[in-house]
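Data first, discussion second: the structure below is written as structure tokens.
The values are calculated or read from the model by the stated rules, or taken from the named source; none is laboratory data. Quantities reported herein were computed from a predicted structural model and do not represent experimental measurements. Don't worry about glycine lacking a Cβ; one is built from the backbone with ideal geometry, like all the others, and counts go over all protein chains shown. Side chains included, ligands, DNA and RNA excluded: accessible areas come from the protein's heavy atoms. Shrake-Rupley method; radii C 1.70, N 1.55, O 1.52, S 1.80 Å.
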Amino acid sequence: MKAKSQELFEKAKKYIPGGVNSPVRAGKAVGIDPPFIARAQGCALWDADGNTYIDYVSSWGPMILGHAHPDVINALTEAIQRGTSYGAPTELEVEMAELIVSMVPSIDHVRMVNSGTEATMSAIRLARGVTGRNKIIKFDGCYHGHGDSLLVEAGSGVATFGIPGSPGVPGDLARQTISLPFNDLPAVEEAFQRFGDDIAALIIEPVPGNMGVVVPDINFLQGLRELTTSYQSLLIFDEVITGFRLSGGGAQEFYDIAPDLTCLGKIIGGGLPVGAFGGKREFMERLAPEGDVYQAGTLSGNPLAMTAGLATLHLLHKSDVYSTLEQRSQMLFSGLESLAEKAGIPVVVNRVGSMGSLFFSDAPVSDFAGAKKSDRDLFKKYYSRMLEQGVYLAPSPFEATFLSLAHTEEMIGKTLDFAGKAFRSLL
Ligand code: KE4
């Protein structure tokens, strides 16, 4: 029963484009109007009609502790008494910067912003300012927010100029971005051979979550580090999803590769709007007001966002957090794999730590082309069966499933029961 959500969606569409403030929430990829969420606690959501769900979207990654964690709520309740925004430097920002520097291996200087988009957009500008070069390399299926230079699709052939990924992105700008197949090191080598002296940076999700989850080949990531070093381009890790999710130091600690710049978001805000970008001091000092590369933000370092982020990161500093997440994620994803197999349905499960995806495919999925070959109709049916049973998945096959510390073994067991029923109903 979703009468209230349906009513709200119709009303929302009167005032908001598509009825949503971010496109994926509209559920177009699965053809299901979205439940409007009224509240959340732990790994549970409740919609406007009172239906409850086990949540595997986790607000697209930030809620790694689970929703409304008491430490976060208590910290915010106390902080809000001191006001909501000052537009002036605060001790909280210093504490956040110090903590990020202590946790992320390659960052020794960091700036706070208000979204992942701002983080990647600013890192690209900084890389262009530092190197005096124009071109950017990205990868098909990787999403870095909606900045113009990154809303670019692959050109006609490998290592050709990009084409606008959306109306409104100027062709001249899109042609400065080259989009290549993920995990394809020879394609990157070719691009550097052809354009290396004008490549300012290569930006990558070290473990992509936006084509569904794809596992990087370790030689690929290491190859990118070697190529960017030898051509004096900057290696930018977009860790908006992987930062503080794969480990306290993100993917760069997990894979032991040091990028030149790192973009962060999601988890560092504890659910409030936050992004950040950081890296070597020699680069970051080129930013205004020290340097000449401009970047700014009215609410950057907002005291409430810092409070929620600090409360979250302090809890993640505890030693057993990532081993618990690993064990629970292993239980869920290996369970899904064996249930699908038992039902005779070919699936591919890609997982790194507490982010993973299930593709309805009988071939490995190691890049966007592979992800697009998966059976999207079967995904729609699976999504619908799971939602009907109270399991809230991302409404697209090209997103990640996220676990939190609030996903208990009992909840995962329930999820697997529902998944077993869903797989059997697909035949
Ligand atoms: P935001 O501007 O949405 O805060 O962050 C952009 C971004 C940057 N980098 C990565 C790796 C990201 O995943 C994102 C945003 N992720 C999407 C979903 N995968 C957010 C959901 C949405 O667009 O509503």
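Filtered by the rule that a residue be more than 23 Å from Glu409 (Cα to Cα) and either open to solvent by less than 20 Å² (accessible area, probe 1.4 Å) or assigned to a helix (DSSP H, G or I) (or both), region 325-353 gives a lone residue, Ile345. Within region 376-401, being among the acidic types (Asp, Glu) and within 13 Å of Pro35 (Cα to Cα) holds for one residue alone: Glu388. Residues in region 361-402 that are without any contact (Cβ under 8 Å) to a residue 24 or more places away in the chain and assigned to a loop (DSSP other than H, G, I, E, B): 6 in all. In region 134-143 there is no residue that is away from the ligand (no atom under 16 Å from the Cβ), in contact with a Pro (Cβ under 7 Å, 6 or more places away or on another chain) and not small (Gly, Ala, Ser). Selection of first residues in region 116-130 that are within 25 Å of Gly270 (Cα to Cα) and free of Cβ contacts under 8 Å to residues at least 60 places away in the same chain and of second residues that are surrounded by fewer than 23 Cβ atoms within 10 Å (Cβ to Cβ) and charged (D, E, K, R), restricted to Cβ pairs under 9 Å at least 6 apart or on distinct chains, gives the following pairs, ordered by first then second residue: Met121/Asp148.
Identify the residue in region 357-376 that is of a type in the set (A, V, I, L, M, F, W, C) and either farther than 23 Å from Leu185 by Cα or over 21 Å from the mean Cα position of the chain (by Cα) (or both) and, among all such residues, is most open to solvent (accessible area, probe 1.4 Å).
Looking only at region 357-376, we keep the residues that are of a type in the set (A, V, I, L, M, F, W, C), and these are 358-360, 363, 365, 368-369, 371.
Next, only the ones that are either farther than 23 Å from Leu185 by Cα or over 21 Å from the mean Cα position of the chain (by Cα) (or both) stay: 358-360, 363.
Details: Leu358: 20, Phe359: 2, Phe360: 12, Ala363: 43 Å².
So, considering only residues that are of a type in the set (A, V, I, L, M, F, W, C) and either farther than 23 Å from Leu185 by Cα or over 21 Å from the mean Cα position of the chain (by Cα) (or both), the one most open to solvent (accessible area, probe 1.4 Å) is Ala363.
Of all residues in region 1-41 being within 16 Å of the ligand (Cβ to nearest atom) and among the basic types (Lys, Arg), which is nearest to Thr117 (Cα to Cα)? Taking the candidates together, the pick is Arg25.
The residues on offer are Asp55, Asp49, Asp71, and the sole one that is open to solvent by 60 Å² or more (accessible area, probe 1.4 Å) and either outside the structural domain of Gly271 (by TED's automatic domain parsing) or within 24 Å of Leu264 (Cβ to Cβ) (or both) is Asp71. Cβ-Cβ distances below 9 Å connect the following pairs, each with a first residue in region 142-155 that is in a helix (DSSP H, G or I) and of a type in the set (S, T, N, Q), a second residue that is open to solvent by 70 Å² or more (accessible area, probe 1.4 Å) and within 11 Å of the ligand (Cβ to nearest atom), and a separation of six or more residues or different chains: Ser149/Met121. Taking region 90-133 as the range and being more than 16 Å from the ligand (Cβ to nearest atom), open to solvent by 60 Å² or more (accessible area, probe 1.4 Å) and not in a loop (DSSP other than H, G, I, E, B) as the test, the residues that pass are Glu91, Val94, Glu95, Glu98, Ser102. Looking only at region 296-324, residues that are small (Gly, Ala, Ser), farther than 21 Å from Phe254 by Cβ and part of a helix (DSSP H, G or I) come to 3 in all.
In region 34-46, how many are within 23 Å of the chain's Cα centre (by Cα) and either surrounded by fewer than 18 Cβ atoms within 10 Å (Cβ to Cβ) or part of a strand (DSSP E or B) (or both)? Show your work before the answer.
At the first step, the residues of region 34-46 found to be within 23 Å of the chain's Cα centre (by Cα) are 34-37, 39-45.
Right, trim to either surrounded by fewer than 18 Cβ atoms within 10 Å (Cβ to Cβ) or part of a strand (DSSP E or B) (or both) and you get 37, 39-42, 44-45.
The total comes to 7.
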